[in-house]
Structures are given as C-alpha cells and as structure tokens.
Amino acid sequence: MDFDEAEDQLVIFLMTSGPSTPQRCATPFYLGSLLAAMDCDVKIFFTMEGVRLLQKGVPEKLTAMEGGKYIHTFMQEAKRSGVELIGCKPALPGYELEPGELIDEVDEVANAGRLADLILSCDKLITF
Amino acid sequence: MGTVRGCNIPEDLYYNVENNVWARKEDDGSITIGMTAFAAALAGDLVAYTPKKEGKSIKKDKSAATVESGKWVGPVKSPVAGDVTATNDQVANDPSLVNRDPYGDGWLAKLTPADWDGDSGDLVTGQDALDAFEKKMDADGFDGC
C-alpha cells in the first residue's frame with residue numbers, strides 16, 4: 001500500500017497524548033495532513049488526555065518544541081487539508097471540560113460507540 | 001508574461017486558482033502540471049516531493065504529488081484527469097527547484113489527459129487568471145512574492 005493506492009482509504013488517529021507530553025502533540029497533525037494530501041480520509045479522535053488539546057486556550061499556547069509552531073497552527077493546517085477532529089464525549093468530565101469549551105476546529109463530539117465504529121471500519125489505525 | 005503582486009503568472013497557462021496549480025498542453029498532446037509561483041511562495045522552501053508513480057491514473061482535483069517545506073505539507077492537486085507519464089527526478093533531488101522555477105524545470109508531473117477539452121473548460125487563463133489570482137491574494141491577505 002502506498003500513495004498510489006491511498007485514495008479513499010480511511011485512516012484514524014487515536015490521540016491520547018496531551019499537554020503533559022507536548023513533544024508528542026505535533027506529529028499526528030503533520031502526518032494527518034500528509035495522508036489527507038494523499039487523498040486519504042483522515043479523522044483524529046481525541047480521548048484521554050488528548051481532549052485537553054481541544055480545550056480553548058491550550059493548543060494556542062502549546063508547542064512540541066521550544067520555538068516551534070503552536071499545536072493550534074498544526075491543527076488548523078490539518079483541517080485545511082481536510083482532516084476531521086472528533087472529541088470523545090465520555091473523556092471530557094475527567095478533565096472538567098464541557099463541549100462548549102472546545103476550540104472551533106472540532107467537527108464533532110462523539111461517544112465511544114463512534115470510535116468503535118471507526119476502529120472497525122477503518123483501513124489504518126494509528127495511536128499517539 | 002503576467003505578474004500579480006510580484007508573482008509570475010504566465011498568461012499562456014491554464015490555472016485552477018483555488019488549488020493554486022497550473023497546466024500546459026504540450027505539442028505532443030501531453031499535459032504538464034505544477035505549482036504556481038504564488039503557491040511556492042506560500043509554501044516556502046520545499047524540502048520534499050512525493051509524486052504518484054508513472055502509469056497511475058489521477059482524477060481531476062486529486063493529488064498528483066505531495067510537497068513539504070520544513071514543518072508544512074500539502075497536496076498538488078491535478079487540474080486535469082489523466083495517466084502519469086513522467087515525474088520530475090530533478091525536483092526529487094532538489095525540491096527547492098519548484099521555488100526557483102515553478103513553470104520550467106520545477107514542473108511536477110506530466111500526464112496523458114483523459115479529457116483535456118472538458119477539464120480545461122473549468123480552468124482559467126490569460127487576463128481572467130490574473131484577475132482571479134489578484135482576488136485570491138486579496139482574500140488570503142497575501143502581500144506578494
């Protein structure tokens with residue numbers, strides 16, 4: 001499987017990393033952008049500490065490396081490439097988050113059943 | 001030779017302005033495609049180029065290649081449908097060639113078109129292209145090449 005067979009492949013990123021490990025928080029969006037640029041259908045599902053990346057005010061101030069681009073910028077570039085961002089609803093209370101506190105780039109806030117469907121129907125599942 | 005905000009936009013080429021790509025029909029009927037000078041300026045110095053392989057079919061507005069510049073990556077969406085007949089080894093070895101010569105040695109793919117007459121009808125050329133790029137640069141807040 002390579003770029004030449006990428007079209008319409010469904011690729012799911014399961015994003016569990018968050019602000020406590022900032023160095024793990026840029027690559028998924030960059031790789032997601034790359035796969036979307038190859039015409040893959042890319043969705044990033046944020047759960048566990050990953051939902052904190054969706055909290056307004058967090059990705060705007062977070063970088064993966066000193067002096068690097070903000071995670072929010074990586075996310076916006078991924079969105080422009082066609083990547084969809086999905087937040088895990090059951091994970092929000094653990095971080096005292098309400099859906100209304102999430103950044104505008106979030107496409108969907110979904111239950112675990114949605115993630116289960118994505119896992120079972122996707123062509124590739126990548127965890128970060 | 002057209003110029004918009006310092007970006008070279010040759011009036012004899014056909015453009016998909018939204019995707020920032022150009023197409024040129026060659027004498028042998030093949031189509032050469034690439035990024036515009038505007039797109040190259042937005043991307044910055046390119047460091048990677050990954051084309052679809054020769055022999056592969058590409059649908060209109062689907063990726064013919066990806067390009068990367070440091071911490072940015074994006075597609076080069078083919079303005080026409082067709083089969084890839086050539087990719088650019090020079091660009092593979094030196095992707096910044098696209099920044100230096102986007103309409104010449106920095107071309108990104110050559111295709112045998114599936115329906116040039118149909119697909120080119122959706123593209124703009126000449127003064128219409130210059131006007132469309134001016135409008136896009138204005139909307140994007142682009143200062144110039």
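The values are calculated or read from the model by the stated rules, or taken from the named source; none is laboratory data. Only a predicted model underlies this, so the values are computations on that prediction, with no experimental measurement involved. Every residue, glycine among them, receives a Cβ derived from its backbone with ideal geometry; neighbour counts consider all protein chains shown. SASA here: full protein model, heavy atoms, side chains in, ligands and nucleic acids out. Shrake-Rupley method; radii C 1.70, N 1.55, O 1.52, S 1.80 Å.
Quick notes on this structure:
- Selection of the stretch B:105-117 for residues being farther than 23 Å from A:Arg80 by Cα and buried (at least 18 other Cβ atoms within 10 Å of the Cβ) yields B:Gly106, B:Trp107, B:Ala109, B:Lys110, B:Leu111, B:Pro113, B:Trp116.
- Residues within the stretch A:30-77 that are at the interface with chain B (Cβ under 10 Å from one of its Cβ atoms) and either open to solvent by less than 40 Å² (accessible area, probe 1.4 Å) or of a type in the set (Val, Ile, Thr) (or both), tallied: 14
- Considering the stretch B:73-104, the residues that are more than 13 Å from every other protein chain (Cβ to nearest Cβ) and of a type in the set (Asp, Glu) include one that is surrounded by the fewest Cβ atoms within 10 Å (Cβ to Cβ), namely B:Asp89.
- Within the stretch B:40-53, the set of residues being within 12 Å of another protein chain (Cβ to nearest Cβ) and either surrounded by 19 or more Cβ atoms within 10 Å (Cβ to Cβ) or modelled with pLDDT under 95 (or both) comprises B:Leu42, B:Ala43, B:Tyr49, B:Thr50, B:Pro51, B:Lys52, B:Lys53.
- Search result, residues across the stretch B:63-72 that are crowded, with 17+ Cβ neighbours inside 10 Å and either of a type outside the set (S, T, N, Q) or more than 9 Å from every other protein chain (Cβ to nearest Cβ) (or both): B:Ala64, B:Ala65, B:Val67, B:Glu68, B:Ser69, B:Trp72
- When B:Ala37 is tested against (1) open to solvent by 60 Å² or more (accessible area, probe 1.4 Å); (2) under 11 Å from the mean Cα position of the chain (by Cα), exactly one condition is not met: (1).
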